[in-house]
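None of the figures in this text is laboratory data; all of them are computed from the coordinates on show. In this text, all values refer to a predicted model and were calculated from it rather than measured experimentally. Glycine also receives a Cβ, built like all others from the backbone with ideal geometry; neighbour counts cover every protein chain displayed.
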Amino acid sequence: MNIKTFQIRKVIKDDKPWITKLLKDYWGNHKIITRGRIHFGNELPGFIAIQDGKQVGHIAYRLEDDECEIISLISLIRGIGIGTKLLNTVKKVAVSSNCKRIWLITTNDNTPALSFYQTRGYSIVAVYPNAIEQYRKLKPEIPLYGLDSIPIRDEIELEILLSKNALKINYNE
Ligand SMILES: CC(C)(COP(=O)(O)OP(=O)(O)OC[C@H]1O[C@@H](n2cnc3c(N)ncnc32)[C@H](O)[C@@H]1OP(=O)(O)O)[C@@H](O)C(=O)NCCC(=O)NCCS
């Protein structure tokens, strides 16, 4: 296991080519669709994890009204805390922006992500059956099958409610 430390910093303009490629590698392209809305993941605010001067993780989010939506979270070195740290960094932004909740969408095949978020305090609050079928018309890059060859069909919404004390609870950080 790679146990070297990493740092977190804000996304800057120069990160755009790297983020664009990362999102293409993971999600087909930088257009990410959630609840029928297209987000340009390479133009959103976010944070980058750096190890030895190289980008090794990225989170993109957006704030609207009193909510924060995580649009993408990717860690290139798994299991050393990068995903958790990026998640908690956005949580700090959401709390200081007086958000009432953080929410995100994942798909039914992404069982590692469902496990990751639920062990970090997030709950499944909605399932949108067959939502992905419509999205393929907007984004044909979405594959038919995902992790473990599970058909990618449904959107799953997870959320964590925030309070003034939210930052005191750190899951596995
Ligand atoms: C989900 C993800 C961001 C976690 O990042 P990470 O840097 O490995 O996260 P951490 O090191 O903080 O935590 C690892 C945890 O994630 C889980 N995990 C999920 N996939 C993993 C993998 N391939 N390798 C190791 N751990 C994994 C582990 O169970 C571990 O949980 P635990 O600490 O409770 O035992 C990462 O697996 C990833 O980039 N996945 C692909 C993109 C994705 O699906 N993103 C989420 C949807 S928006």
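Things to note:
- Residues of the range 84-100 classified as in a helix (DSSP H, G or I), surrounded by fewer than 23 Cβ atoms within 10 Å (Cβ to Cβ) and among the small types (Gly, Ala, Ser), total: 1
- Entry remark, the range 69-97: residues being of a type in the set (A, V, I, L, M, F, W, C) and either away from the ligand (no atom under 14 Å from the Cβ) or out of contact with any strand residue (DSSP E or B) (no Cβ under 7 Å at 6 or more places or on another chain) (or both) number 4 in total.
- So Ser149, is it on the phi > 0 side of the Ramachandran plot, surrounded by fewer than 19 Cβ atoms within 10 Å (Cβ to Cβ) and of a type in the set (S, T, N, Q): yes
- Condition check for Lys54 on (1) in contact with a Gly (Cβ under 6 Å, 6 or more places away or on another chain); (2) more than 8 Å from the ligand (Cβ to nearest atom): one failure, at (1).
- For the range 114-131, a residue qualifies if it is surrounded by fewer than 18 Cβ atoms within 10 Å (Cβ to Cβ) and under 12 Å from the mean Cα position of the chain (by Cα), and exactly one does: Leu114.
- Pair list, Cβ < 9 Å and 6+ apart or interchain, from the range 69-95 residues that are free of Cβ contacts under 8 Å to residues at least 24 places away in the same chain to residues that are in a loop (DSSP other than H, G, I, E, B) and within 6 Å of the ligand (Cβ to nearest atom): none
- Restricting the range 101-116 to residues that are in a helix (DSSP H, G or I) and among the polar types (S, T, N, Q), the residue that is farthest from the ligand (Cβ to nearest atom) is Thr111.
- Test: residue in the range 125-134 that is more than 15 Å from the ligand (Cβ to nearest atom), without any contact (Cβ under 8 Å) to a residue 12 or more places away in the chain, assigned to a loop (DSSP other than H, G, I, E, B) and not basic (Lys, Arg): no
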